[in-house]
Amino acid sequence: MSRTPARTRIAAFALLVLMVASCKGGEEKAETLPAGDTLVSKAAAEMRTVQTARFTLKAEGKVAKVPLHSAEGQLTRQGNAQGSLQIDQAGSLVELAFVLVGDTAYIKGATGGYQKVPLAIAAAVYDPSAILDPDRGAAKLLGTARNARTEAREPVDGQDAYRVTATFGRDALADLLPGIDQDITGTVWIGADRPVLVKARFPVPASDGGKGGTVTVTFTDFDAAARITPPTG
């Protein structure tokens, strides 16, 4: 009697076992993404605990409602901040260094030393002191999120994060991006290990109804040591 049929059945059975095992393995590796509303809620709560962070902001395209072109620096929850920014002034980019301590802003242009002005005046252009403020900053913004949807899990500058789209309230946006006067659907990236806001991107409409542009903000170095004092010169 030929053994070929038996061997064929054994081979087919082995192949079936391998296929089933492979399918199970794929199912075990597949990840169910957390709900978007859960992620933004956790991020809002976590951002209220952040004491310090570094930030980078960049505006791209036609964003006439936002006078800020770029900014970077270090922030504290108390509202102190230091760094540099570029603003659009009569069609030209002007770079300024800033230090914010308490109710006072110290601003320095390309030449000369720091000029001392009330923070309220400097905030008309941009107020980074609001970013870590639980009542005005990132935590408040995340708390206004509606229709949040998790799109993917992906790295942001080497940090594992969830990408979430949602619609954010205009009042909270205006505290962070001067000139915004409407709700905006944007994208935020929330850390997978610690649910902090690591990146945010918002489309900004053009004032003339044209294409507009985008503003992207990234955050790093959460709770790192920071000592921000008034400049001496």
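Every read-out reported here was derived from the displayed coordinates using simple, explicitly stated rules and does not represent laboratory data. Source: prediction; values computed, not measured. Backbone-built Cβ (ideal geometry, glycine too); neighbour counts: all protein chains shown.
Remarks
- In nm, spacing of pseudo-spin labels at D103 and E60 (7 Å Cα→C-beta vector): 4.1 nm
- Taking the Cα centre of region 36-220 as origin and assigning +1 to Lys and Arg Cβ atoms and -1 to Asp and Glu Cβ atoms, the resulting dipole is close to 120 debye.
- Selected from A124, L142, A90, residue furthest toward positive end of dipole (region 36-220; charges at beta carbon): L142
- 10 Å-binned pair-distance histogram of region 36-220 (Cα, whole percent): 10, 38, 36, 14, 2
- Only Lys, Arg (+1) and Asp, Glu (-1) charged, at Cβ; region 87-195 dipole about Cα centre in debye: 80 debye
- Per-pair calculated FRET efficiency, R0 = 30 Å: A120 and T167 via Cβ, rounded to 0.05: 0.50
- Gain in span if fully extended, S41 to R153, counting 0.36 nm per residue against the direct Cα distance: 38.6 nm
- Virtual spin-label span in nm between S84 and T32, 7 Å along Cα→Cβ: 4.9 nm
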